[in-house]
Amino acid sequence: MTTTVRPSDSGDLYPTRTPHAIAPFPRRHPVVWSADAEGPLPSARLSAYERDGCLHFHALLSEEETAACLEETGRLKADRSLNASGRVVPEPHGGGIRSVFEVHALSDTFARIVQSAGLVGIARQILGSEVYVHQTRVNLKSAFTGSGFGWHSDFETWHSEDGMPAPRALSLSIALSENAPYNGPLMIIPGAHRTFVPSTGRTPPDYHHTSLQGRDLPAGPPGRAEVAALARDLGIRQFTGPAGSAVVFDSNSLHASASNVSPFPRTNLFVVYNSVENPIGTPYAAPRARPAYLASRTFTPLPRPSVR
Ligand code: 6CS
Ligand code: FE
C-alpha cells in the first residue's frame with residue numbers, strides 16, 4: 001500500500017524509512033538558492049544545473065593537483081593506523097579498500113583542495129550562502145575488484161541518519177584517475193533531484209558499518225519501480241572524463257555507479273558542501289547520529305579568498 005503525504009501531516013518535510021511505502025513527491029525546496037549569487041558559473045550553466053541537478057567540468061583540478069591527491073591516497077591506503085578509526089571502509093568481499101572518509105582532516109593536500117576558491121565558489125553560488133564541509137571521501141574503486149554503488153539519493157541518507165533538514169547541499173565528484181565507460185563512472189538520472197523518493201524500512205542501529213559497503217540494504221535505497229519510472233521518463237547520464245574532470249550534483253540527485261572489472265582503477269575524490277543555513281541536527285529516521293568523520297557538526301563557514 002502506498003500512502004500520500006501532505007506537508008501538514010508531520011513537521012518532517014521529507015518523511016522516509018517508514019513502515020509503509022510513501023509515494024514519491026515533489027521536492028519542497030529550491031535547487032539554486034539565489035538567482036543572483038556571484039560565482040564562477042555563467043547563468044546558462046546555473047539554469048542547466050537547476051534543470052538537471054548536475055553539471056560536468058572537463059578540467060576542475062590541474063594535473064599537479066590530481067597527482068598530489070593520488071599520492072596522498074596511496075599514503076592513506078598504506079597507513080594501517082587508520083584502519084581502526086572507522087574512516088577506512090573495506091570492500092565487501094575482500095579486494096582492498098572501498099572508501100576513505102574525512103580525507104581533508106587526514107591530509108593537508110586534500111584540505112587545501114577542499115578549501116580552494118574554485119570549488120567553494122561553485123558551492124556558494126548554487127547554495128546562495130556561506131558553506132561548510134559536511135563530508136569528504138575518496139572512493140577507490142580498484143582495478144578488477146572495486147564494487148559499485150546502487151541507486152540512491154545522498155540527501156535521503158543525510159536527512160535520515162545525519163539530521164540534515166533540507167536538500168541545500170551538493171557534492172563534487174572529482175576524477176583523480178580517468179573515469180571511462182568501463183571502470184564504473186558516475187551515473188545520474190538528470191532531473192530526478194526534483195522528486196523525493198521515500199524509502200521503506202527502519203534504520204538499524206550502527207547502520208553505517210554495513211550501509212557504506214553497499215550490501216543488501218534494508219533501508220535507504222528507493223524502490224526499483226520508482227527508479228525505473230524516473231529513468232524511463234528522464235534517461236540516465238553517464239559521466240566520463242580525464243583525471244581532473246568533475247561533476248557537481250545536487251544532494252537529492254538519484255545516482256549510482258557500476259563495479260569496476262576493468263584493469264584500470266577509478267579513483268574519485270568526493271567533497272560535500274552544505275549551506276551554513278542548513279546545519280544538521282537530530283537524525284530524522286535513525287536511532288543515533290553518525291560519527292563526525294561521516295557528517296561534520298562543525299558548521300564554520302569556509303573562508304573567502306582574501307582581497308589584495
Ligand atoms: O552514507 C553516506 O553518507 C554516503 N553513502 C553513499 C552511498 N553516498 C553518499 C555518502 O558518502
Ligand atoms: Fe552517493
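Residues of the range 223-262 with an amide N closer than 12 Å to a point placed 7 Å from the Cα of Ser62 along the Cα-to-Cβ direction: none. Each peptide in 114-127, 49-62 receives the mean, over its residues, of other Cβ atoms within 10 Å, and ordering these scores from highest gives 114-127, 49-62. Average projection, convex hull of the Cα set of the range 39-118: 7.4 square nanometres. What the chain shows is 44 Å² of accessible area per residue, with the surface traced by a 1.4 Å probe over protein heavy atoms. Short-range pairs are left out: with C-alpha atoms under 8 Å and at least six residues apart, the relative contact order of the chain is 32 percent.
Largest first and in whole Å, the equivalent-ellipsoid semi-axes of the chain read 27, 23, 20, each the square root of five times a Cα gyration tensor eigenvalue.
Structural size metrics of the range 155-258, computed from C-alpha coordinates, are Rg and Dmax of 14.4, 40 Å.
On the chain, 54 percent of the accessible area sits on carbon and sulfur atoms, based on a 1.4 Å probe.
Return P(r) of the range 10-163 (all Cα-Cα pairs; 5 Å bins starting at 0; whole %; ordered from short to long distances). Spelled out per bin, shortest first, that is 2, 7, 13, 16, 16, 17, 14, 9, 5, 1, 0. Ligands, DNA and RNA aside, Tyr273 has an accessible area near 0 Å² when probed at 1.4 Å. Taken about its Cα centre, the chain carries a charge dipole of about 360 debye when Lys and Arg each add +1 at the Cβ and Asp and Glu each add -1 at the Cβ. Picking from Pro15, Pro204, Pro265, which is most flexible by a Gaussian network model of the chain using Cα springs under 10 Å? It is Pro204. Each of Ser153, His104, Asn83 was scored by the projection of its Cα onto the charge dipole of the range 56-275, and the greatest displacement toward the positive side belongs to Ser153; charges sit on the C-beta of Lys, Arg, Asp and Glu. Taking label points 7 Å from Cα along the Cα-to-Cβ direction, Arg297 and Arg51 give a separation of 4.2 nm.
The values are calculated or read from the model by the stated rules, or taken from the named source; none is laboratory data. Computed from a predicted model, the values in this text were never measured in an experiment. Every residue, glycine as well, gets a Cβ built from its backbone with ideal geometry; the counts of neighbours run over all protein chains shown. For the accessible areas, the whole protein counts, side chains as well, though only heavy atoms, and no ligand, DNA or RNA atoms are used. Shrake-Rupley method; radii C 1.70, N 1.55, O 1.52, S 1.80 Å.
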